Amino acid sequence: MKAKLPVMIASGEYPDIVSGKIDGFNKYGQSGAFIPLNEPIAKWAPNIKKNLIDNPEAKSQTIAFDGNHYSVPMLSAMRTSEGMLVRKDWLDRLGLPMPETIDDWYTMLKAFKEKDANGNGDSNDEVPFSSVGTPDTYYLNFADA
Ligand SMILES: [Ca+2]
């Protein structure tokens, strides 16, 4: 999207909502391509307001130099459109609990790698972690910790 955003902006034709990186929205928002979202968020999105505008840390990471928000970031507490999936049958087979902490994740992934999690008698054929999408997508799930 990074390379496509300037082209899309230059064309003058773009959808009502665009997905991408905050820096691009702040850059093109300040030049008038996007409307500031401060007022709509304050008026119609109390939960986003609470977690974005009223949260100094989130606000500092997302606000443009002109003081406006041109995007709604994917904050860790609000990251509901993605998540990690775990093979519960593998957890059950190895007697492990559903991971809650980073240490739990480490223990689980190490056990998946070293033990016969799929129960086929071969302890070397499991892939303990895989993903689809960009590296940002899956590493961010662990980055906050
Ligand atoms: Ca196996």
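Okay, here's what the table says:
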quantity: Compactness of the range 13-109 as Cα Rg over 2.2 N^0.38 Å, two decimals; calculated: 1.49
quantity: Relative exposure of T62, T107, T101, judged by other C-beta atoms within 10 Å (fewest first); calculated: T101, T107, T62
quantity: D103/Q61 FRET efficiency (R0 22 Å; Cβ-Cβ; nearest 0.05); calculated: 0.25
quantity: Centre separation in Å (Cα based) which lies between the range 101-123 and the range 16-34; calculated: 42 Å
quantity: For the range 1-65, the spread of Cα positions along each principal axis, largest first, Å; calculated: 34, 21, 18
quantity: Listed residue pairs exceeding 18 Å between alpha carbons, taken from K4/K49; K21/K43; K88/K110; calculated: K4/K49; K21/K43
quantity: Fewest-first ranking of W44, W105, using other Cβ atoms within 10 Å as the exposure measure; calculated: W44, W105
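Every read-out reported here was derived from the displayed coordinates using simple, explicitly stated rules and does not represent laboratory data. Model, not experiment: these values are computed from the prediction. Cβ sites come from the backbone with ideal geometry, for glycine too, and all protein chains shown count toward neighbours.
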